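Scroll down for the structure; my scribbles are underneath it.
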Amino acid sequence: MLDLLHCVFGFQKDNVSNQREHIVHLLANEQSRLGKLSGNEPKIDEGAVHVVFSKSLDNYIKWCNYLPLRPVWNNIESLTKEKKLLYVCLYYLIWGEAANVRFLPEGLCYIFHHLARELEVIMQKQTAEPAGSCISNDGVSFLDQVIYPLYEIVAAEAGNNDNGRAAHSAWRNYDDFNEFFW
């Protein structure tokens, strides 16, 4: 799943490796809380996946409810274990490359919502292809096409704060940018 997302959105290789380890640990920890599954084959319990999915995407679900906006899935009960894992992977890959944009949690929800919708369209074609939102002249890069432009705007505004001496009305901070995504 992570390799597919790397191919489609151009996430950085090290981010993919880090998030693979992160997600495996989240699932293993949750599985250990639920107890061992019967049988000899190593499996991930649906309950563990659901808990990790619910905790990881809780803010996104609240964001959708607040707007009101329908989540990218029609019905949470109809989501397969694999689809839940795919959304968890996508969310953490976005988060992993977000850097200072992580301070815009509603911005991350907005980005996740639109990338997940784009991923749905790509998956319906049943052919892995680069996402249009992340294509540049140099290839496919989520960081260059999505995070960096947003970061540049936030950083430019921070430069207007005159080392914290400017009136709040003279510049926008993270809270102001976050409100934009409501």
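Annotations for the structure displayed:
- Rounded to the nearest 500, the helix-only mean residue ellipticity at 222 nm of the chain stands at -18500 deg cm²/dmol, with each DSSP H run of n ≥ 4 adding -39,500 (n - 2.57).
- Dipole of the chain [Lys/Arg +1, Asp/Glu -1 at C-beta], most positive-end residue of ILE94, GLN126, ALA167: GLN126
- Relative contact order computed over segment 12-165 (Cα-Cα under 8 Å; 6+ residues apart), in percent: 21
- The HN-Hα couplings worked out from phi for segment 134-147 by the Karplus form 6.51 cos²θ - 1.76 cosθ + 1.60 (θ = phi - 60°) are 10, 7, 9, 5, 9, x, 10, 8, 4, 4, 5, 8, 10, 6 Hz, whole numbers, x standing for Gly and Pro.
- Fraction of accessible area attributable to carbon and sulfur, segment 1-139 (%, probe 1.4 Å): 51
- Summarising the amide proton neighbourhood of VAL140: residues at separation of 5 or more, or on other chains, whose placed amide H is nearer than 5 Å comprise an empty set.
- Cα centre as origin, Lys/Arg/Asp/Glu Cβ charges: segment 1-181 dipole, Debye: 500
- For segment 2-12, Karplus couplings with θ = phi - 60° (6.51, -1.76, 1.60), whole Hz, Gly/Pro x: 5, 5, 4, 5, 4, 5, 6, 9, x, 5, 5
- Potential extension, VAL121-ASN59 segment - 0.36 nm per residue separation minus Cα distance: 20.0 nm
- With the convex hull drawn over the C-alpha atoms of segment 128-180, the volume per residue is 95 Å³.
- In Hz, Karplus ³J(HN,Hα) per residue of segment 102-107 (6.51, -1.76, 1.60; θ = phi - 60°; x = Gly, Pro): 4, 6, 10, x, 6, x
- Cα principal axis extents for segment 1-93, largest first, Å: 44, 31, 18
- Solvent-accessible area per residue, Å², over segment 1-181 with all protein chains present [probe radius 1.4 Å]: 58
The values are calculated or read from the model by the stated rules, or taken from the named source; none is laboratory data. Predicted, not measured: the structure shown is a model, and the values here were computed from it. Positions of Cβ are backbone-derived with ideal geometry, glycine not excepted, and every protein chain shown enters the neighbour counts. Ligands, DNA and RNA are stripped out before the accessible areas are found, and what is left, the full protein with its side chains, is counted by its heavy atoms. Shrake-Rupley method; radii C 1.70, N 1.55, O 1.52, S 1.80 Å.
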